[in-house]
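Q: Sharing a structure, written as structure tokens. Questions coming.
The values are calculated or read from the model by the stated rules, or taken from the named source; none is laboratory data. Since the model is a prediction, treat every value here as computed from it, not as a measurement. Reconstructed Cβ throughout: ideal geometry from the backbone, glycine too, with neighbour counts over all protein chains shown.
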């Protein structure tokens with residue numbers, strides 16, 4: 001009964017934005033341009049490998065084939081292209097609706113942490129009707145997926161009760177990792193206020209945690225730097241070539257990580273927090289240290 005009740009509340013929470021976006025998809029007959037065109041081009045290349053060379057080669061191509069912006073977004077289009085036999089329009093509509101529903105779920109769930117059912121329904125409808133949210137989904141910018149990943153990460157952070165709950169800490173880590181793979185620089189800088197809160201929180205519990213928390217923030221900055229180098233945004237960087245500089249930063253990261261985790265800490269909250277952030281950074285480094 002509770003499941004059906006939640007489902008009905010959830011449907012009401014997105015009814016007006018859903019009507020708008022479905023109307024748009026029904027009336028629209030062109031594919032988005034700009035960044036989305038490049039994402040589709042990359043996704044079509046990956047889907048072609050799946051179709052012509054098999055599943056194993058296709059899985060390798062998910063990592064090896066990148067567009068001009070080396071993020072995970074194009075790889076998420078691939079299942080829709082395979083499902084709809086290469087139809088770009090159906091893949092575009094399906095991915096857009098998936099992103100919209102994911103945004104609606106975690107926007108509603110986040111508001112339910114603070115509000116009762118009816119205010120949460122109203123607030124979710126208002127947020128999802130915002131032009132910025134609608135435009136990101138309709139134009140299929142990668143930021144459209146960053147929003148639900150980031151909201152989900154924050155939602156599970158709150159549910160974890162300052163990382164005292166293992167399951168919610170792990171879920172927060174998963175969505176934090178996905179948002180890093182989607183838009184790393186924006187994710188790091190958008191969450192700086194939240195990271196600042198945890199720095200203060202854990203340092204008040206134990207002053208010895210300050211150096212470790214500072215190290216976490218520095219590693220996040222290095223992750224952003226690696227992305228910018230491999231995305232070609234820092235072509236003027238002349239310490240080494242782009243690939244060599246990425247390798248040096250990655251090596252530094254792995255050495256620093258092994259040294260940092262060698263220090264034991266009996267505070268489970270702090271341990272879960274640090275491990276969650278480090279795991280997310282490790283996934284980001286593995287993705288963006290791309291030599292293909």
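Q: Of these, 47, 43, which one is assigned to a helix (DSSP H, G or I), within 23 Å of the chain's Cα centre (by Cα), farther than 19 Å from residue 288 by Cα and modelled with pLDDT under 90? Walk me through how you get there before you give the answer.
A: Numbers: 43 fails: farther than 19 Å from residue 288 by Cα.
None of the others qualify; the one that does is 47.
Q: Which condition does residue 189 not pass, out of (1) surrounded by 20 or more Cβ atoms within 10 Å (Cβ to Cβ); (2) over 19 Å from residue 271 (Cα atoms), if it passes all the others?
A: (1)
Q: To continue, here is another question. Mind listing whichever residues of region 23-40 are in contact (Cβ under 8 Å) with a residue 40 or more places away in the chain and in a helix (DSSP H, G or I)?
A: Selection gives 24, 25, 35, 36, 39, 40.
Q: Every residue in region 76-105 that is farther than 25 Å from residue 128 by Cα and crowded, with 21+ Cβ neighbours inside 10 Å, please.
A: Correct list: 78, 81.
Q: Of the conditions (1) buried (at least 16 other Cβ atoms within 10 Å of the Cβ); (2) in contact (Cβ under 8 Å) with a residue 12 or more places away in the chain; (3) assigned to a helix (DSSP H, G or I); (4) under 16 Å from the mean Cα position of the chain (by Cα), residue 111 fails just one. Which one is it?
A: (4)
Condition check ((1) in a loop (DSSP other than H, G, I, E, B); (2) touching a helix residue (DSSP H, G or I) at 6+ places or on another chain (Cβ under 7 Å); (3) at pLDDT below 85; (4) surrounded by fewer than 18 Cβ atoms within 10 Å (Cβ to Cβ)) across all residues:
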position	(1), (2), (3), (4)
141	yes, yes, no, no
146	no, yes, no, no
151	no, yes, no, no
157	no, yes, no, no
162	yes, yes, yes, yes
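Q: Give all pairs with beta carbons closer than 9 Å in which a residue from region 115-133 that is without any contact (Cβ under 8 Å) to a residue 12 or more places away in the chain meets a residue that is outside any helix (DSSP H, G or I) and surrounded by 12 or more Cβ atoms within 10 Å (Cβ to Cβ); count only pairs at least 6 apart in sequence or on separate chains.
A: These pairs meet every condition: 122/115.
Q: If you don't mind, another one. Among the candidates 16, 73, which residue alone is touching a helix residue (DSSP H, G or I) at 6+ places or on another chain (Cβ under 9 Å), surrounded by fewer than 16 Cβ atoms within 10 Å (Cβ to Cβ) and either closer than 30 Å to residue 112 by Cα or at pLDDT 90 or above (or both)? Step through it out loud before you land on a result.
A: Working: 73 fails: surrounded by fewer than 16 Cβ atoms within 10 Å (Cβ to Cβ).
After ruling out the rest, the residue left standing is 16.
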